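Comments concern the structure below.
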Amino acid sequence: MIPFEMVEPQSLQEAVSLLDPEEPTIRPVAGGTALMLMMKAGVFQPTRLICLHAIEPEHARITVSGEALRIGAMATLSDVEHDANVAARLPVLKRAMRTLSNVRVRNVARVGGALAHGDPHMDLPPVLAALGAKVSVAGPKGHRELPVEALYSGYYETVLEKNELITSVTVPARNGRKATYMKVTSRTADDWPALGVAVSFAHKDGTIRDPIVIVSAATEKLTRMTSTEKELQGATVDDKALARAGEAAAAEAQILADAHGTAAYKRELLKVYLRRAVRQALAEG
Amino acid sequence: MKQVGREIPRLEVRAKVTGRADYVHNLRLPGMLYGKVARATVPHGRIRRIDTASAQKIPGVHRVIAGEDIRKLIAEPYYGPAFHDQPILALNKVRHVGEPVAVVLASDPHVAERAAQMIAVEYDELPAVYDEVAAMQPDVVVHDMLKPAGTFADLKHLKGRTNTNVALDYHLRRGDLDAAMARADRVVEHTFKTQQCLHLALEPFVSVAEPGDGVLTIHTSSQTPSFVRTEIARLFGWPENRVRVKVPHLGGGFGAKVYVKLEALVAALAVLVRRPVKIALTMEEQFYMITKHPTTFRIKSGVDRDGKVVARACEVFWNGGAYADIGPRVTQKSGFTAAGPYDIDNINIDSYELYTNRTPAGALRGFGIPQLVWAYESHSDLLARELGIDPVEFRRRNVLREGRPQASGTAMKDAAIAQVLDAIAARMGWSKPFDRGHGTMRRGRGIAIGFKASISPTTSVAIVNVSADGSTTLYTSTVDMGQGSDTAFAQMVAEILDLAAEDVRVVHPDTDVTPYDMGTLGSRSLFHMGNAVRLAAEDARDKLRALAAEAGLPEGTNYPPAEIFKKRYGMQAGNIIGTASFVPTYKSPNAQTGLSDNVTPFWMIGGAGVEVEVDTETGAVRVTKLVNAADCGTPINPAIARTQLSGAAIMQLGFTLSEDMRLDGGQVTNASLADYKIPGIRDIPPMENVLVEAEQHSGPFGAKGLGESGTFGVSPAIANAIHDAVGVRITSLPITAEVVLRALRAQAGKPLEDE
Amino acid sequence: MSNMRTINFTLNGQEVSADIEPHRNLVELLQRFDLFGARESCGQGLCGCCTVLVDGKAVSGCLYFAVWVDGKSVTTVESLDAEGVLSIVQQAFIECGAFQCGFCTPGFVLMVHQLLKEHPSPSDDDIRHYLSGNLCRCAAYPEIIEAVKVAARRA
């Protein structure tokens, strides 16, 4: 690893001011688990890292405000995994944590980094997107808020400016909606997913209402599947309807080939796992 | 108390659980420099220019060294166990991506790493060949001329050969194949392929060379310290006693850390700069060191009406990569058994080792046997299906029975083939009704058995030292890399000298101290070194008796050694050195027929039974039961033997289902544990490990080697179980979910698109 | 070098300090204290050979900047038998033969310590979940699972 400078701002404002919108070799670091992989591989060689640890206490809290749950960006993934409010309100999020990387990474990696990294294989963004979560972003011009699914612009690319930082993510009340996330690995159990499918929907009178369908890992970026959602809207949960939705998803998703499988194979997985996800969401309640 | 057969924990357990075990990784010496290798970026090319100027300018860089610098020190800087074909650093040409081209030396490894990235090499790229069958044609030639090492008689005819990639061809002719095929009721032919995999020890390769006064010491993660000494001495033109090779604990080997790997490089660097030099590879760099042969195996059998195999032709192509390493031995030694553990009168075997522009291939837990068993046991299953015979019954009709000559002409002796088959069938409940699943989840089961000849003839020497207080130390150059050899040998010494095994100290390999051993490989240690250890301990026992007689103690009395020494020398003084060498007999195969009635001192037998669930919608295969069985002779330490069997089977499970070194234009595209997937704790099926106890009459206390046997049957047993479950036959490894789904769709007439 | 900084931390119960640059990881820092039980192997946080506890929580030493332990408490495998007595987990690993080459063993042992702290009676699923980030190429997994159960019964 090549030497670099590490600075430790004492406030969010200072952190933002230390970032440079024009300088890609300066980046923020919180848990560092993903960033260090890029540094070791030589694909990222920083001149300066802005370490966010000093501002951790006020941005690591997980709080309930009204019906919504607010997760500070500096919360570790294991904070989320073990939080009582998460367990009570968002069991799908707690479950997703169990197969997300491993215990050591979750002890260190932060929610903000997991959202900002932009690797489409990550597990947290699809779950949060399916739950309708929004991220709060701080920049030199103040705060803005955007849905998780709007965060991604490409492979390892987000819409964030280089001097913007995610400060928190807010998950709205579930209101009885069903939700699940299915991570599909094609080689070993601890592999990165070949496909991620996250769904949430209301289930009234035996039909699906207001579904959100998110696909990850198999696509260049996390993608919300609007055509598939239309197909599911008002549908009863039966094999026929789910098969139609699966076909819609396979047609809609821009699936890429990689070491986990060809695009043709992953389209088949998507058809199968969309159906399984809807059924699992119903079963898990 | 009886020592042999005790299930004592390994001798070194405490050091291992406390993190204090001594690995080469821990070693740092005063003045030591770290070397970082700059590697070839093209698969085949002539080196036009190596620009080291900008690397040399990085502050902290001690020196940058390339191939021509090595040549100033060593005129012919080529090494290898079978061929002297591998340059210490590339000269003139590179032959695979990742081949070492230059090295940066610095006190800080980060500085060396950064500088190595600055080395610019220009190449005239040459066409490359990656496939073993394509390499049979000399359209692309990897080596201009073949340079056999001269150690092996059967390679001599290859000397000076040009315009070929064939680094060894082995041919066996038994009976009259053509006539038998013509008479057969049915003739069935298949082709099977295996992929490139690697050992991936969690301790990556690491070596340190330490120049000293009249001796160069090499601390290395090696399975073959004696060979390293011989080969380094040869390269420098020194006597062996000027090279000292030390091996502490080894963090896994599996056949990777055999012969010379980093040792020639660190030795040359240390001599050049006159300082200790350490090179520790990263996980990624292991993908450029040594791998397991990809293979293509064409197998054709003639069978009669009763399900007896009457003729078999085997053509095996071994993809050896850019340097021969031990590939020619794999080609020949595994060639003996390519027709399987079956009693067949008419056999042709043609086995070819090919140079290609890939990372070199060597031995990986089975010395080529798992590739062969994959083919012949998949083929066996297809034959049984074709004939409508139960696969266990089909094998029972054909297996080699005790005393029958195997393909090479060597008789099967102490080879519990039928017993292993029966043990698996019993544990699988083969004769009981089987739940075949329903809906999209289908169940199936399969079995497979394989066998192996030990590498021969090879030598082991042991020393047993009884000190004046009676405490005993064993000196061997066997490397305990987790297989438990230290413990097993201590049990043998203790048995003979009437001690507790825990009280025997085993000195780790140090060629200044421990005597010669051919190497810790091919499951040979327990048999070869075990025999030497047993004989050395008996020698010590006999000398102790003689000492007692000299001291005037009456014969047949049981004085403790300490009293004998005291009586003889008047105080606690003196010692007894027991020594022994062991080398089994061997007869080279006939050059024309490939036959010999003595190709191996013992046979290894292993097999597996598997139950699977196949998800017909995704192709995902879940192994729900894995039975491993092996003939282990009489186990010295059954508990350790079982973990060997289990570990080998799990390793082979990875080679079967997920591991695959992928190439794109000669570049490895998945050189990391993130993308090359080995089994983790959530991938382990319910397992049963069965030691089939028999007696190896020529083995120490009836024992034989076992480290590889657990790998033999796993892959074909899984393919056979998948066929049983869903009716498709997979003929290439690895068997990923996608491969299975594609086969299912093709079977249904609805094939998946290619991309 | 100008980037050098002095950090103070607790290492296996003792107050220590070190001068170190930001690009060095925790494994390198520990080597300066002659602690070699945490080993960098895969370099990607996947194999667990470099497991270290920081403020009681397991981290991958190869993916953790050394400067980050400033002011924190670091525990390595070498502390577990500080009194010369093996921990229950270490003893169980020995009894069950839960390793072969031993290179990955310290990482497994530390992960099991964290597992049993958080789940004193772990289910099979808990065991697999906590240890899914540790690889053993010798594949002593069945014996490791057994060792965790033995340790849990005694803890």
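Quick look at the values:
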quantity	calculated
Conditions (1) part of a loop (DSSP other than H, G, I, E, B); (2) of a type in the set (Gly, Ala, Ser); (3) farther than 21 Å from C:Asp70 by Cβ; number of the one not met by A:Gly31	(3)
Segment B:692-706: number of residues that are under 20 Å from B:Ala608 (Cα atoms) and surrounded by 21 or more Cβ atoms within 10 Å (Cβ to Cβ)	4
Sole residue being touching a residue at least 24 places away in the same chain (Cβ under 8 Å) and either under 18 Å from the mean Cα position of the chain (by Cα) or within 14 Å of another protein chain (Cβ to nearest Cβ) (or both), chosen from B:Pro248, B:Pro276	B:Pro248
Number of the exception - B:Leu553 against (1) surrounded by 16 or more Cβ atoms within 10 Å (Cβ to Cβ); (2) in a loop (DSSP other than H, G, I, E, B); (3) modelled with pLDDT of 95 or more	(3)
Number of positions in segment C:7-54 that are among the small types (Gly, Ala, Ser) and at the interface with another protein chain (Cβ under 9 Å from one of its Cβ atoms)	6
Criterion violated by C:Asn12 - all others in (1) touching a Cys at 6+ places or on another chain (Cβ under 8 Å); (2) more than 24 Å from B:Ala280 (Cβ to Cβ) satisfied	(1)
Yes/no for B:Glu659 being in contact (Cβ under 8 Å) with a residue 24 or more places away in the chain, crowded, with 24+ Cβ neighbours inside 10 Å, over 15 Å from B:Val614 (Cα atoms) and not assigned by TED's automatic domain parsing to the domain that holds B:Thr282	yes
Unmet requirement for C:Leu46, which otherwise passes all of (1) aliphatic (A, V, I, L, M); (2) in contact with a Ser or Thr (Cβ under 8 Å, 6 or more places away or on another chain); (3) outside any helix (DSSP H, G or I); (4) within 27 Å of B:Glu285 (Cβ to Cβ)	(2)
Strands (runs of 3 or more DSSP E) wholly inside segment B:573-692 containing at least 3 residues that are within 14 Å of another protein chain (Cβ to nearest Cβ), modelled with pLDDT under 95 and under 19 Å from the mean Cα position of the chain (by Cα)	none
Within segment B:116-217, strands (runs of 3 or more DSSP E) holding 2 or more residues that are among the acidic types (Asp, Glu) and outside the structural domain of B:Gly666 (by TED's automatic domain parsing)	B:120-125
Residue check for A:Arg244: within 18 Å of A:Tyr181 (Cα to Cα) and out of contact with any Gly (no Cβ under 9 Å at 6 or more places or on another chain)	no
Yes/no for C:Phe108 being under 26 Å from B:Asp480 (Cα atoms), surrounded by 20 or more Cβ atoms within 10 Å (Cβ to Cβ) and at the interface with another protein chain (Cβ under 7 Å from one of its Cβ atoms)	no
Spans of strands (runs of 3 or more DSSP E) in segment B:408-507 with at least 2 residues more than 14 Å from chain C (Cβ to nearest Cβ) and closer than 30 Å to B:Asn348 by Cα	B:441-453
Qualifying residue in segment B:171-185 (condition: under 24 Å from B:Ser596 (Cα atoms) and touching a helix residue (DSSP H, G or I) at 6+ places or on another chain (Cβ under 9 Å))	yes
Residue match in segment B:467-489 (condition: more than 23 Å from the chain's Cα centre (by Cα), at pLDDT 95 or above and within 20 Å of B:Gly699 (Cβ to Cβ))	yes
Residue list for segment B:1-52, filter: at the interface with chain C (Cβ under 9 Å from one of its Cβ atoms) and either assigned to a helix (DSSP H, G or I) or hydrophobic (A, V, I, L, M, F, W, C) (or both)	B:Val13, B:Arg14, B:Ala15, B:Lys16, B:Val17, B:Ala21, B:His25, B:Asn26
Single residue of A:Ile214, A:Ile208 found to be under 22 Å from the mean Cα position of the chain (by Cα), crowded, with 20+ Cβ neighbours inside 10 Å and outside the structural domain of A:Leu131 (by TED's automatic domain parsing)	A:Ile214
Enumeration of residues in segment A:230-247 that are more than 14 Å from chain B (Cβ to nearest Cβ) and crowded, with 21+ Cβ neighbours inside 10 Å	A:Glu231, A:Leu232, A:Ala245
Single residue of B:Ile564, B:Ile577 found to be in contact with a Leu (Cβ under 7 Å, 6 or more places away or on another chain) and among the hydrophobic types (A, V, I, L, M, F, W, C)	B:Ile564
Filter result (in a helix (DSSP H, G or I), at the interface with another protein chain (Cβ under 7 Å from one of its Cβ atoms), touching a helix residue (DSSP H, G or I) at 6+ places or on another chain (Cβ under 7 Å) and not hydroxyl-bearing (Ser, Thr, Tyr)) within segment A:258-271	A:Glu268
Condition met for A:Val64 (aliphatic (A, V, I, L, M), more than 14 Å from chain C (Cβ to nearest Cβ) and part of a strand (DSSP E or B))	yes
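Yes/no matrix, rows are residues, columns are (1) surrounded by fewer than 22 Cβ atoms within 10 Å (Cβ to Cβ); (2) at pLDDT 95 or above; (3) within 22 Å of C:Gln90 (Cα to Cα):
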residue: B:Val4; (1), (2), (3): yes, yes, no
residue: B:Ile8; (1), (2), (3): yes, yes, yes
residue: B:Lys16; (1), (2), (3): no, yes, yes
residue: B:Ala21; (1), (2), (3): no, yes, yes
residue: B:Leu27; (1), (2), (3): yes, yes, no
residue: B:Pro30; (1), (2), (3): yes, yes, no
residue: B:Gly35; (1), (2), (3): no, yes, no
residue: B:Ala38; (1), (2), (3): no, yes, no
residue: B:His44; (1), (2), (3): no, yes, no
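Rundown of residues vs (1) within 12 Å of chain C (Cβ to nearest Cβ); (2) of a type in the set (Ser, Thr, Tyr); (3) over 30 Å from C:Leu116 (Cβ atoms), yes/no style:
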site: A:Gln13; (1), (2), (3): no, no, yes
site: A:Leu49; (1), (2), (3): yes, no, yes
site: A:His53; (1), (2), (3): yes, no, no
site: A:Ile71; (1), (2), (3): no, no, no
site: A:Pro91; (1), (2), (3): no, no, no
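The values are calculated or read from the model by the stated rules, or taken from the named source; none is laboratory data. This is a predicted model, so every value here is computed, not measured. Cβ coordinates were reconstructed from backbone atoms using ideal geometry, including for glycine residues, and neighbour counts include every protein chain displayed.
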